[in-house]
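*Asks:* I have a structure I would like to understand better, so I am pasting it below and will then ask my questions one at a time.
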Amino acid sequence: MTLEDVVARAKVKQGIWEEEIRLMRAKKFSTICVHGAYTKREALDNNHGAIIEPVCSATSQAFGDSDLLEAALAYKASAWAYSRIANPTVGYLEIMLSMLEGYGTNLKTTACCTSSGMAAIKAAAEPFLTDEKPGKKNIVSMAQVYGGTFQLFTERFARERGVEVRWVENPDDEGEWAKKIDSDTRFVYGESPSNPGIVLFDIEKVAKLAHAKGVPLITDSTIATPALCRPLEHGSDIVVHSLTKSMTWSGRAVDGVLISKENITSNVLNADIKRDFAGWVKLWPLRDAGACVSPDSASRTLDCIRVLRSTMDLLSQNTMAVAEYLENHPRVEKVNYPGLKSHPQHELAKRYMRLVDSGENRFGHLLSFEVKGGHAAARKVLDRLNFVFSATDLGRIKSIAVIPTISTHQQQGEEARKIAKIPGNLIRLCVGAEDSGDLNAELGKALG
Ligand SMILES: Cc1ncc(COP(=O)(O)O)c(C=O)c1O
(Lines give C-alpha, C1' and ligand atoms only; values in the text may rest on other atoms or scores of the structure.)
Protein backbone atom coordinates (compact mmCIF):
# COMPACT_ATOMS: atom_id res chain seq x y z
CA MET A 1 0.00 0.00 0.00
CA THR A 2 1.22 3.50 -0.78
CA LEU A 3 1.19 6.40 1.63
CA GLU A 4 -1.73 7.86 -0.36
CA ASP A 5 -3.72 4.61 0.13
CA VAL A 6 -3.08 4.75 3.86
CA VAL A 7 -4.24 8.36 4.07
CA ALA A 8 -7.34 7.59 1.96
CA ARG A 9 -8.26 4.61 4.19
CA ALA A 10 -7.89 6.69 7.36
CA LYS A 11 -10.11 9.37 5.80
CA VAL A 12 -12.88 6.87 5.09
CA LYS A 13 -12.80 5.68 8.73
CA GLN A 14 -12.81 9.26 9.99
CA GLY A 15 -15.68 10.10 7.62
CA ILE A 16 -17.86 7.35 9.12
CA TRP A 17 -17.28 8.71 12.62
CA GLU A 18 -17.92 12.29 11.49
CA GLU A 19 -21.26 11.25 10.03
CA GLU A 20 -22.22 9.61 13.34
CA ILE A 21 -21.22 12.79 15.16
CA ARG A 22 -23.26 14.89 12.73
CA LEU A 23 -26.33 12.78 13.53
CA MET A 24 -25.71 13.05 17.28
CA ARG A 25 -25.41 16.86 16.99
CA ALA A 26 -29.06 16.94 15.90
CA LYS A 27 -30.23 15.31 19.16
CA LYS A 28 -31.37 17.09 22.32
CA PHE A 29 -28.83 18.52 24.76
CA SER A 30 -29.25 15.78 27.38
CA THR A 31 -28.85 13.02 24.81
CA ILE A 32 -25.59 14.58 23.65
CA CYS A 33 -24.46 14.85 27.29
CA VAL A 34 -25.01 11.12 27.73
CA HIS A 35 -23.57 9.83 24.44
CA GLY A 36 -21.45 12.52 22.80
CA ALA A 37 -19.07 11.01 20.24
CA TYR A 38 -18.95 7.57 21.86
CA THR A 39 -21.17 5.72 19.42
CA LYS A 40 -22.05 2.04 19.42
CA ARG A 41 -19.62 1.51 16.53
CA GLU A 42 -16.83 3.25 18.49
CA ALA A 43 -17.57 0.89 21.39
CA LEU A 44 -17.70 -2.28 19.30
CA ASP A 45 -14.92 -1.55 16.80
CA ASN A 46 -12.42 0.18 19.05
CA ASN A 47 -13.23 -0.52 22.69
CA HIS A 48 -14.27 -4.18 23.18
CA GLY A 49 -17.92 -3.10 23.38
CA ALA A 50 -17.36 -1.13 26.60
CA ILE A 51 -20.54 0.86 27.16
CA ILE A 52 -18.73 3.75 28.85
CA GLU A 53 -15.71 5.53 27.33
CA PRO A 54 -12.67 3.64 28.61
CA VAL A 55 -9.87 5.49 30.36
CA CYS A 56 -7.11 5.05 27.77
CA SER A 57 -4.12 5.50 30.02
CA ALA A 58 -1.52 4.19 27.54
CA THR A 59 0.88 6.96 26.61
CA SER A 60 0.91 6.12 22.94
CA GLN A 61 -0.56 4.19 20.06
CA ALA A 62 1.32 1.56 18.06
CA PHE A 63 1.16 1.57 14.25
CA GLY A 64 0.83 -1.53 12.09
CA ASP A 65 3.14 -0.16 9.41
CA SER A 66 5.53 2.69 8.78
CA ASP A 67 3.27 4.35 6.17
CA LEU A 68 0.51 4.90 8.73
CA LEU A 69 3.05 6.05 11.31
CA GLU A 70 4.44 8.61 8.86
CA ALA A 71 0.99 9.82 7.81
CA ALA A 72 -0.22 10.11 11.40
CA LEU A 73 2.77 12.11 12.58
CA ALA A 74 2.44 14.46 9.62
CA TYR A 75 -1.20 15.00 10.75
CA LYS A 76 -2.34 13.58 7.39
CA ALA A 77 -4.21 10.63 8.91
CA SER A 78 -6.09 11.14 12.16
CA ALA A 79 -4.60 9.04 14.95
CA TRP A 80 -3.99 9.20 18.69
CA ALA A 81 -0.24 8.75 18.34
CA TYR A 82 0.95 10.20 21.67
CA SER A 83 -1.17 11.33 24.60
CA ARG A 84 0.38 14.78 24.94
CA ILE A 85 -1.03 15.52 21.48
CA ALA A 86 -4.16 13.38 21.35
CA ASN A 87 -5.78 10.64 23.39
CA PRO A 88 -9.04 8.72 22.79
CA THR A 89 -10.65 9.50 26.17
CA VAL A 90 -9.72 13.17 25.87
CA GLY A 91 -10.92 13.10 22.26
CA TYR A 92 -14.38 11.88 23.30
CA LEU A 93 -14.58 14.73 25.81
CA GLU A 94 -13.43 17.33 23.27
CA ILE A 95 -16.02 16.34 20.70
CA MET A 96 -18.73 16.24 23.38
CA LEU A 97 -17.83 19.79 24.50
CA SER A 98 -17.71 21.12 20.95
CA MET A 99 -21.22 19.73 20.41
CA LEU A 100 -22.57 21.27 23.62
CA GLU A 101 -21.16 24.77 22.98
CA GLY A 102 -22.47 24.74 19.42
CA TYR A 103 -25.82 23.28 20.47
CA GLY A 104 -28.86 24.70 18.70
CA THR A 105 -26.81 26.45 16.00
CA ASN A 106 -25.36 25.56 12.62
CA LEU A 107 -21.91 26.63 13.77
CA LYS A 108 -19.01 24.27 13.15
CA THR A 109 -17.25 24.02 16.49
CA THR A 110 -14.07 22.36 17.69
CA ALA A 111 -12.53 21.98 21.14
CA CYS A 112 -9.14 21.56 22.73
CA CYS A 113 -8.89 20.29 26.30
CA THR A 114 -6.13 21.52 28.58
CA SER A 115 -4.61 20.66 31.94
CA SER A 116 -6.62 23.37 33.77
CA GLY A 117 -8.91 26.33 33.18
CA MET A 118 -5.95 28.70 33.38
CA ALA A 119 -4.10 26.65 30.76
CA ALA A 120 -7.14 27.01 28.48
CA ILE A 121 -7.23 30.79 28.94
CA LYS A 122 -3.49 31.08 28.27
CA ALA A 123 -3.70 28.78 25.24
CA ALA A 124 -6.65 30.77 23.85
CA ALA A 125 -5.03 34.17 24.39
CA GLU A 126 -1.36 33.68 23.53
CA PRO A 127 -1.63 33.09 19.76
CA PHE A 128 -3.07 36.60 19.35
CA LEU A 129 -0.03 38.18 21.04
CA THR A 130 2.30 37.03 18.28
CA ASP A 131 5.13 39.38 17.33
CA GLU A 132 4.74 38.37 13.70
CA LYS A 133 2.49 41.40 13.37
CA PRO A 134 4.72 44.29 14.40
CA GLY A 135 3.62 47.33 16.35
CA LYS A 136 1.92 47.99 19.63
CA LYS A 137 -0.49 45.51 21.14
CA ASN A 138 -3.22 45.78 23.70
CA ILE A 139 -5.94 43.57 25.09
CA VAL A 140 -9.30 44.80 26.34
CA SER A 141 -10.93 42.94 29.22
CA MET A 142 -13.63 43.55 31.76
CA ALA A 143 -12.03 44.22 35.14
CA GLN A 144 -14.19 41.74 37.07
CA VAL A 145 -12.47 38.60 35.75
CA TYR A 146 -11.36 35.65 37.90
CA GLY A 147 -8.27 36.45 40.02
CA GLY A 148 -6.04 33.99 38.12
CA THR A 149 -6.99 35.58 34.81
CA PHE A 150 -6.28 39.01 36.25
CA GLN A 151 -2.81 37.80 37.28
CA LEU A 152 -2.17 36.21 33.88
CA PHE A 153 -3.02 39.45 32.08
CA THR A 154 -1.20 41.83 34.45
CA GLU A 155 1.87 39.76 35.41
CA ARG A 156 2.55 37.48 32.46
CA PHE A 157 1.22 39.58 29.57
CA ALA A 158 1.63 43.20 30.76
CA ARG A 159 4.67 43.12 33.06
CA GLU A 160 6.71 40.36 31.40
CA ARG A 161 5.78 40.96 27.75
CA GLY A 162 4.83 44.62 27.58
CA VAL A 163 1.25 44.07 26.39
CA GLU A 164 -1.03 46.93 27.38
CA VAL A 165 -4.06 45.71 29.35
CA ARG A 166 -7.07 48.00 29.09
CA TRP A 167 -9.56 47.23 31.85
CA VAL A 168 -13.22 47.93 31.27
CA GLU A 169 -14.48 48.95 34.70
CA ASN A 170 -18.17 49.09 33.83
CA PRO A 171 -19.01 46.23 31.42
CA ASP A 172 -22.54 47.68 31.02
CA ASP A 173 -21.07 50.78 29.40
CA GLU A 174 -20.90 50.08 25.67
CA GLY A 175 -19.05 53.36 25.19
CA GLU A 176 -16.24 52.24 27.50
CA TRP A 177 -15.68 49.04 25.48
CA ALA A 178 -15.86 51.00 22.21
CA LYS A 179 -13.34 53.59 23.41
CA LYS A 180 -10.83 50.95 24.49
CA ILE A 181 -10.95 48.63 21.46
CA ASP A 182 -8.82 49.85 18.55
CA SER A 183 -6.79 48.47 15.64
CA ASP A 184 -3.92 47.51 18.00
CA THR A 185 -6.25 45.36 20.11
CA ARG A 186 -5.41 41.67 19.80
CA PHE A 187 -8.44 40.24 21.60
CA VAL A 188 -11.38 41.30 23.75
CA TYR A 189 -12.12 39.29 26.87
CA GLY A 190 -15.11 38.87 29.17
CA GLU A 191 -16.38 36.48 31.84
CA SER A 192 -20.10 35.99 32.23
CA PRO A 193 -21.17 35.68 34.98
CA SER A 194 -17.89 36.60 36.63
CA ASN A 195 -16.32 35.01 39.68
CA PRO A 196 -16.78 36.25 42.40
CA GLY A 197 -18.53 39.55 41.56
CA ILE A 198 -21.31 37.83 39.50
CA VAL A 199 -21.11 40.53 36.84
CA LEU A 200 -22.33 39.83 33.29
CA PHE A 201 -21.60 41.55 30.02
CA ASP A 202 -23.68 41.86 26.86
CA ILE A 203 -21.94 39.27 24.70
CA GLU A 204 -23.77 40.23 21.51
CA LYS A 205 -22.97 43.93 21.77
CA VAL A 206 -19.33 43.45 22.77
CA ALA A 207 -18.80 40.87 19.99
CA LYS A 208 -20.10 43.40 17.44
CA LEU A 209 -17.76 46.10 18.76
CA ALA A 210 -14.79 43.71 18.65
CA HIS A 211 -15.60 42.43 15.17
CA ALA A 212 -15.91 45.96 13.82
CA LYS A 213 -12.18 46.32 14.58
CA GLY A 214 -11.28 42.85 13.28
CA VAL A 215 -10.76 41.51 16.80
CA PRO A 216 -12.04 38.25 18.37
CA LEU A 217 -14.08 37.99 21.56
CA ILE A 218 -13.03 35.34 24.07
CA THR A 219 -15.63 34.52 26.74
CA ASP A 220 -15.09 32.61 29.96
CA SER A 221 -18.38 30.78 30.49
CA THR A 222 -17.28 28.59 33.40
CA ILE A 223 -20.03 29.71 35.79
CA ALA A 224 -22.88 29.38 33.26
CA THR A 225 -21.81 26.12 31.54
CA PRO A 226 -23.43 25.32 28.17
CA ALA A 227 -26.52 24.15 30.06
CA LEU A 228 -27.35 27.82 30.81
CA CYS A 229 -25.58 29.91 28.17
CA ARG A 230 -23.65 29.29 24.93
CA PRO A 231 -21.68 32.43 24.05
CA LEU A 232 -20.76 31.27 20.51
CA GLU A 233 -24.38 31.65 19.40
CA HIS A 234 -24.30 35.24 20.66
CA GLY A 235 -21.23 36.16 18.61
CA SER A 236 -18.28 35.13 20.76
CA ASP A 237 -15.43 33.59 18.72
CA ILE A 238 -13.90 31.46 21.44
CA VAL A 239 -15.26 30.10 24.72
CA VAL A 240 -13.09 28.95 27.60
CA HIS A 241 -14.07 26.89 30.62
CA SER A 242 -12.48 25.74 33.78
CA LEU A 243 -13.84 22.20 33.58
CA THR A 244 -12.62 21.87 37.15
CA LYS A 245 -15.84 23.60 38.25
CA SER A 246 -19.47 22.55 37.69
CA MET A 247 -18.65 20.56 34.54
CA THR A 248 -16.83 18.25 36.98
CA TRP A 249 -19.10 18.84 39.97
CA SER A 250 -17.68 15.77 41.74
CA GLY A 251 -14.51 17.73 42.50
CA ARG A 252 -12.27 14.96 41.19
CA ALA A 253 -10.45 16.62 38.28
CA VAL A 254 -8.57 19.74 37.27
CA ASP A 255 -8.98 20.46 33.56
CA GLY A 256 -10.05 23.09 31.07
CA VAL A 257 -11.15 23.60 27.50
CA LEU A 258 -11.19 26.18 24.73
CA ILE A 259 -13.84 25.89 22.06
CA SER A 260 -13.92 27.89 18.85
CA LYS A 261 -16.27 28.31 15.93
CA GLU A 262 -15.21 28.06 12.32
CA ASN A 263 -13.52 31.17 10.87
CA ILE A 264 -12.98 33.28 13.95
CA THR A 265 -12.26 36.98 13.56
CA SER A 266 -8.63 38.07 13.97
CA ASN A 267 -6.38 40.69 12.45
CA VAL A 268 -3.20 38.76 13.25
CA LEU A 269 -3.79 35.07 12.49
CA ASN A 270 -3.79 33.49 9.04
CA ALA A 271 -6.88 32.04 7.37
CA ASP A 272 -5.92 28.44 8.10
CA ILE A 273 -5.63 29.06 11.83
CA LYS A 274 -8.84 31.11 11.90
CA ARG A 275 -10.75 28.29 10.21
CA ASP A 276 -10.18 25.83 13.08
CA PHE A 277 -8.55 27.74 15.91
CA ALA A 278 -9.09 25.13 18.65
CA GLY A 279 -7.90 22.30 16.39
CA TRP A 280 -4.78 24.27 15.50
CA VAL A 281 -4.03 25.09 19.17
CA LYS A 282 -4.30 21.39 19.97
CA LEU A 283 -1.96 20.19 17.23
CA TRP A 284 0.65 22.95 17.42
CA PRO A 285 1.06 25.39 20.35
CA LEU A 286 -0.47 23.10 22.98
CA ARG A 287 1.59 20.15 21.73
CA ASP A 288 4.69 22.29 22.26
CA ALA A 289 3.55 23.71 25.60
CA GLY A 290 2.57 20.26 26.86
CA ALA A 291 -0.42 21.42 28.91
CA CYS A 292 -2.48 18.34 28.07
CA VAL A 293 -5.21 16.88 30.26
CA SER A 294 -4.87 13.38 31.67
CA PRO A 295 -7.29 10.74 30.36
CA ASP A 296 -8.27 10.01 33.95
CA SER A 297 -9.42 13.60 34.51
CA ALA A 298 -11.17 13.62 31.14
CA SER A 299 -13.17 10.52 32.06
CA ARG A 300 -14.22 12.04 35.39
CA THR A 301 -15.42 15.15 33.61
CA LEU A 302 -17.32 13.04 31.07
CA ASP A 303 -19.11 11.26 33.94
CA CYS A 304 -20.33 14.55 35.44
CA ILE A 305 -21.37 16.08 32.13
CA ARG A 306 -23.87 13.26 31.53
CA VAL A 307 -26.28 14.95 33.95
CA LEU A 308 -25.15 18.55 33.41
CA ARG A 309 -28.57 19.91 32.48
CA SER A 310 -30.41 18.49 35.48
CA THR A 311 -27.52 19.32 37.83
CA MET A 312 -27.43 22.97 36.75
CA ASP A 313 -31.22 23.12 37.04
CA LEU A 314 -31.18 21.76 40.60
CA LEU A 315 -28.23 23.90 41.74
CA SER A 316 -29.79 27.03 40.21
CA GLN A 317 -33.11 26.43 41.98
CA ASN A 318 -31.33 25.83 45.29
CA THR A 319 -29.27 28.98 44.85
CA MET A 320 -32.37 31.04 44.13
CA ALA A 321 -33.92 29.85 47.41
CA VAL A 322 -30.75 30.69 49.35
CA ALA A 323 -30.40 34.10 47.65
CA GLU A 324 -33.96 35.03 48.59
CA TYR A 325 -33.36 33.92 52.19
CA LEU A 326 -30.14 35.92 52.49
CA GLU A 327 -31.68 39.01 50.92
CA ASN A 328 -34.22 39.13 53.73
CA HIS A 329 -31.71 38.47 56.50
CA PRO A 330 -31.10 41.47 58.81
CA ARG A 331 -27.36 40.76 59.11
CA VAL A 332 -26.81 40.79 55.37
CA GLU A 333 -26.01 44.09 53.67
CA LYS A 334 -26.30 42.99 50.07
CA VAL A 335 -26.74 39.82 47.97
CA ASN A 336 -25.31 39.52 44.46
CA TYR A 337 -27.27 37.02 42.44
CA PRO A 338 -28.48 37.66 38.90
CA GLY A 339 -31.74 35.84 39.63
CA LEU A 340 -32.77 38.52 42.13
CA LYS A 341 -34.70 41.55 40.89
CA SER A 342 -32.33 43.69 42.97
CA HIS A 343 -29.35 42.61 40.83
CA PRO A 344 -28.51 45.54 38.54
CA GLN A 345 -28.14 43.17 35.59
CA HIS A 346 -31.23 41.05 36.25
CA GLU A 347 -32.74 41.92 32.85
CA LEU A 348 -29.47 41.12 31.04
CA ALA A 349 -29.22 37.82 32.95
CA LYS A 350 -32.80 36.96 31.95
CA ARG A 351 -31.76 37.39 28.32
CA TYR A 352 -28.61 35.27 28.53
CA MET A 353 -29.22 32.64 31.21
CA ARG A 354 -31.81 30.06 30.29
CA LEU A 355 -31.99 26.36 30.95
CA VAL A 356 -31.28 24.71 27.62
CA ASP A 357 -34.27 22.97 25.98
CA SER A 358 -36.73 24.61 28.34
CA GLY A 359 -36.20 28.36 27.91
CA GLU A 360 -36.87 28.92 31.61
CA ASN A 361 -34.52 31.31 33.34
CA ARG A 362 -31.94 29.67 35.58
CA PHE A 363 -29.16 31.78 37.05
CA GLY A 364 -26.52 29.31 38.15
CA HIS A 365 -25.07 28.22 41.47
CA LEU A 366 -22.83 31.16 42.40
CA LEU A 367 -23.81 34.03 44.65
CA SER A 368 -21.99 36.38 46.93
CA PHE A 369 -23.18 38.41 49.87
CA GLU A 370 -21.86 41.19 52.04
CA VAL A 371 -22.09 40.75 55.78
CA LYS A 372 -22.93 43.70 58.03
CA GLY A 373 -19.99 44.57 60.32
CA GLY A 374 -17.16 44.45 57.77
CA HIS A 375 -14.40 41.94 57.20
CA ALA A 376 -14.19 40.70 60.82
CA ALA A 377 -17.90 39.85 60.82
CA ALA A 378 -17.55 37.97 57.50
CA ARG A 379 -14.70 35.89 58.99
CA LYS A 380 -16.90 34.98 61.96
CA VAL A 381 -19.71 33.84 59.68
CA LEU A 382 -17.32 31.72 57.64
CA ASP A 383 -15.84 30.12 60.76
CA ARG A 384 -19.30 29.27 62.14
CA LEU A 385 -20.35 27.29 59.09
CA ASN A 386 -20.75 23.60 59.77
CA PHE A 387 -21.47 21.37 56.76
CA VAL A 388 -20.80 24.14 54.24
CA PHE A 389 -17.09 23.72 53.53
CA SER A 390 -14.75 26.68 53.42
CA ALA A 391 -12.40 26.27 50.46
CA THR A 392 -11.11 28.10 47.40
CA ASP A 393 -13.34 26.11 45.16
CA LEU A 394 -16.69 26.30 43.44
CA GLY A 395 -19.01 24.37 41.19
CA ARG A 396 -19.27 21.40 43.51
CA ILE A 397 -22.17 19.17 44.38
CA LYS A 398 -21.38 20.36 47.95
CA SER A 399 -21.86 23.96 49.06
CA ILE A 400 -18.61 25.88 49.45
CA ALA A 401 -17.98 29.33 50.89
CA VAL A 402 -14.94 31.57 50.88
CA ILE A 403 -13.89 35.18 51.53
CA PRO A 404 -12.29 36.29 48.22
CA THR A 405 -10.10 39.10 49.68
CA ILE A 406 -8.13 36.60 51.78
CA SER A 407 -8.11 33.77 49.26
CA THR A 408 -8.80 33.74 45.53
CA HIS A 409 -8.28 37.49 45.16
CA GLN A 410 -5.59 38.03 47.78
CA GLN A 411 -2.76 38.67 45.29
CA GLN A 412 -4.65 41.25 43.26
CA GLY A 413 -4.01 44.05 45.76
CA GLU A 414 -6.36 46.60 47.32
CA GLU A 415 -6.58 48.91 44.29
CA ALA A 416 -7.45 46.14 41.81
CA ARG A 417 -10.01 44.67 44.20
CA LYS A 418 -11.63 48.09 44.43
CA ILE A 419 -11.91 48.30 40.62
CA ALA A 420 -13.34 44.77 40.52
CA LYS A 421 -15.68 45.68 43.41
CA ILE A 422 -14.61 42.97 45.85
CA PRO A 423 -14.97 44.30 49.42
CA GLY A 424 -13.54 42.63 52.54
CA ASN A 425 -16.97 41.68 53.91
CA LEU A 426 -17.89 39.72 50.78
CA ILE A 427 -18.50 35.98 51.11
CA ARG A 428 -18.67 33.95 47.94
CA LEU A 429 -21.06 31.04 48.26
CA CYS A 430 -21.37 28.32 45.70
CA VAL A 431 -24.53 26.41 46.44
CA GLY A 432 -24.60 22.63 46.19
CA ALA A 433 -27.30 19.99 46.01
CA GLU A 434 -28.11 19.88 49.74
CA ASP A 435 -31.68 20.56 50.81
CA SER A 436 -32.21 24.34 50.55
CA GLY A 437 -34.03 24.41 53.91
CA ASP A 438 -31.00 22.85 55.61
CA LEU A 439 -28.74 25.32 53.83
CA ASN A 440 -30.76 28.32 54.95
CA ALA A 441 -30.84 27.02 58.53
CA GLU A 442 -27.04 26.62 58.44
CA LEU A 443 -26.53 30.14 57.09
CA GLY A 444 -29.01 31.61 59.56
CA LYS A 445 -27.10 30.04 62.44
CA ALA A 446 -23.75 31.32 61.17
CA LEU A 447 -25.13 34.84 60.66
CA GLY A 448 -26.97 34.85 63.97
C1 LIG B 1 -14.32 31.75 36.04
C2 LIG B 1 -13.06 30.99 36.18
N3 LIG B 1 -12.24 30.86 35.13
C4 LIG B 1 -11.08 30.17 35.20
C5 LIG B 1 -10.66 29.58 36.37
C6 LIG B 1 -9.37 28.82 36.41
O7 LIG B 1 -9.64 27.46 36.40
P8 LIG B 1 -8.60 26.32 36.93
O9 LIG B 1 -8.57 26.43 38.40
O10 LIG B 1 -9.20 25.06 36.43
O11 LIG B 1 -7.29 26.64 36.32
C12 LIG B 1 -11.49 29.69 37.50
C13 LIG B 1 -11.08 29.07 38.77
O14 LIG B 1 -11.68 29.27 39.80
C15 LIG B 1 -12.71 30.41 37.40
O16 LIG B 1 -13.53 30.54 38.44
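*Asks:* What area, in nm² and to one decimal, does the C-alpha convex hull of the chain cast on average over all directions?
*Replies:* One quarter of the hull surface, i.e. the mean projection, equals 21.2 nm².
*Asks:* Please give the peptides 332-344, 311-323, 182-194, 125-137 ranked by average Cβ packing (other Cβ atoms within 10 Å per residue), highest first, as a rough proxy for protection.
*Replies:* Ranked by mean Cβ neighbours within 10 Å, highest first: 182-194, 311-323, 332-344, 125-137.
*Asks:* In terms of Cα to Cα distance under 22 Å, which lysines are near enough to K445, apart from those fewer than 8 places away along the same chain?
*Replies:* Candidates past the 8-residue exclusion: K334, K372, K380, K398.
*Asks:* Run the numbers on region 276-404 and let me know its relative contact order in percent, using alpha-carbon pairs under 8 Å that are six or more apart.
*Replies:* About 18 percent, as a whole number.
*Asks:* Mind running the shape call on region 67-133? Use the C-alpha gyration tensor, a ≥ b ≥ c as the square roots of the eigenvalues: rounded below 1.5 for a/c, prolate if a/b tops b/c, oblate otherwise.
*Replies:* Oblate is the answer for region 67-133, as a/c is 1.5 or above yet b/c matches or exceeds a/b.
*Asks:* Just give me a number: lysine pairs in region 1-94, eight or more positions apart or cross-chain, with C-alpha atoms less than 20 Å apart.
*Replies:* 6
*Asks:* Could I ask something else about it? Kindly give the semi-axes, whole Å and largest first, of the ellipsoid equivalent to region 81-305, taking each as the square root of 5 times a Cα gyration tensor eigenvalue.
*Replies:* Equivalent ellipsoid of region 81-305: 26, 19, 17 Å, largest first.
*Asks:* Under a plain spin-label model, where a point goes 7 Å from the Cα along Cα-to-Cβ, how far apart in nm are R252 and N170?
*Replies:* Between R252 and N170, the label points sit 4.7 nm apart.
*Asks:* By DSSP, what percent of the beta bridges with both residues in the chain are antiparallel, rounded to the nearest 5?
*Replies:* 60
*Asks:* Taking θ = phi - 60°, what integer Hz values does the Karplus form 6.51 cos²θ - 1.76 cosθ + 1.60 yield along region 331-343, in sequence order, with x for Gly and Pro?
*Replies:* 8, 10, 7, 7, 10, 9, 8, x, x, 7, 4, 6, 5
*Asks:* Oh, and also: Skip the ligands, DNA and RNA, and give the accessible area per residue of the chain with a 1.4 Å probe, whole Å².
*Replies:* Ligands and nucleic acids excluded, the result is 42 Å² per residue.
*Asks:* Below 8 Å between Cα atoms, with a sequence gap of 6+, how large is the relative contact order for the chain in percent?
*Replies:* Value for the chain: 16 percent.
*Asks:* Straight-line reach from K136: which lysines have a Cα under 17 Å away, not including same-chain ones fewer than 8 places off?
*Replies:* K179, K180, K213
*Asks:* Once both labels are modelled 7 Å past Cα along the beta-carbon direction, what's the E434-K334 spacing in nm?
*Replies:* So the label points at E434 and K334 sit 2.6 nm apart.
The values are calculated or read from the model by the stated rules, or taken from the named source; none is laboratory data. The structure presented is a predicted model; accordingly, all values stated were derived computationally and were not measured. No Cβ is skipped: glycine too gets one built from the backbone with ideal geometry, and neighbour counts run over all protein chains shown. In case anyone asks, the SASA skips ligands and DNA or RNA and just uses the protein heavy atoms, side chains included. Shrake-Rupley method; radii C 1.70, N 1.55, O 1.52, S 1.80 Å.
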